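The block underneath contains the structure these notes are about, expressed in structure tokens.
The numbers here are math on the coordinates, done by the rules we state, and not lab data. These numbers were taken from a predicted model, which means no experiment stands behind them. Every residue, glycine among them, receives a Cβ derived from its backbone with ideal geometry; neighbour counts consider all protein chains shown.
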Amino acid sequence: MRAASDTSPRLVRLLSRGKLDAACIALPTNAPGLVVDVLEKQPLIAVLPASHRHARRRTLSLQDLSADPLFWFRRARQPAFFDHCRAVFERHGFAPPLLEEPEDHHVLLAAVASGRGVALLPASFAAIRRDGVTYKPLREGAELHVGLGLATGADRPDVRQFLLTCCRASRSGPSTT
């Protein structure tokens, strides 16, 4: 078994060409002809500088952040998720000024801490403690969820079943005998 890391669209292409047996991909991702099992869904949360005017509020809405520059990724990195978010943004009238999101999340958090802008990230990022940064639930967070999926070729049910069994076992913790 060999592991590879890449963008979800590239992993889907490699799977479709038979160059990989399986891949963990971000959802939503366009994956025609592949079997995709949702492993997890996380709402997006707002990431703000600790000095932000809304830093003391418990929950925020997209509208609360509409005047703030938003670090956001390029569409080519994750087209299906980008389009999904753009549709949600449009439904809520959210059109902030955009800044290109650094690929490294530590660089992104440093830029947020410095006050250059705000970000929207999966809720699991709140586990990363960074001075000068605060994380806030977003009212639209569930609507803007990101998922993790296991993608396999339709012709590889054995690989799919094996990996799903491993995922279930890892969530239940080690067994004792």
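Run the numbers on the chain and let me know its relative contact order in percent, using alpha-carbon pairs under 8 Å that are six or more apart.
Values: 290 pairs, mean separation 69.0, N = 177.
39 percent.
Farthest towards the positive end of the charge dipole of the chain, among the residues Leu20, Ala111, Ile128, is the Cα of Ile128, using unit charges on the Cβ of Lys, Arg, Asp and Glu.
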